[in-house]
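Inspection log for the structure reproduced underneath, given as structure tokens.
Only the coordinates and a few stated rules stand behind these numbers; no lab work does. In this text, all values refer to a predicted model and were calculated from it rather than measured experimentally. Cβ: placed from backbone, ideal geometry, glycine included. Neighbour counts: every protein chain shown.
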Amino acid sequence: MAANTAPIFPLTPVIGIATLTSPTALTTRTNIIGTTGLTQLTPTSTNGKKVPLITVQSTQTSVAGLLSIWLYNGTTSYLIDEIPITAVTPSTTAIAFSVQRYYETLWNSSIVLPPTYQLYVSVTVQQNLNVFAHGGDY
């Protein structure tokens with residue numbers, strides 16, 4: 001079996017952006033045929049993509065719930081992670097809810113997407129969020 005003996009690195013920086021404005025709340029954790037109820041976070045790429053960081057930023061008062069990260073292979077969406085959202089009421093002296101999920105640590109590797117795969121997101125409780133996937137295309 002042939003193996004790649006040289007490491008490769010992303011060539012083009014990419015920031016995927018999903019704007020959730022009054023999204024439909026989706027509470028299922030089972031696989032979804034297609035992307036119904038999901039919001040696209042990353043587009044497909046020619047040679048694949050590496051995503052080591054996802055940022056979630058509330059654009060208003062947040063309520064307790066979950067942001068779900070879905071891996072879509074062109075046919076089926078699979079739940080691959082859940083990020084907890086806490087209730088925060090922002091003001092002129094209090095910041096809005098924000099969290100970063102690092103996938104590149106000593107114990108975890110980045111989310112690596114094959115060429116035709118994409119990431120999608122959903123929430124379990126309707127609220128307005130911006131979600132950013134920081135990474136690069138190979």
Per residue, how much space in cubic angstrom lies within the convex hull of the C-alpha atoms of the chain?
133 Å³
Report, by chain and number, residues whose modeled amide H sits under 5 Å from the one on K49, excluding near sequence neighbours (fewer than 5 apart, same chain).
L113, Y138
Contour minus Cα-Cα span, T75 to N31, at 0.36 nm per residue, comes to 14.8 nm
Comparing T93, T39, T76 in a Gaussian network model of the chain (Cα, 10 Å), the one with the largest mean-square fluctuation is T93
Dipole of the chain, Cα-centred, from +1 at each Lys and Arg C-beta and -1 at each Asp and Glu C-beta, to the nearest 20 debye?
40 debye
Most mobile of I83, I15, I33 in a GNM of the chain (Cα contacts under 10 Å):
I33
Please sort by residue number the trypsin sites (Lys or Arg not before Pro) in the stretch 1-73 whose DSSP state is loop and whose Cβ has at most 12 other Cβ atoms within 10 Å.
R29
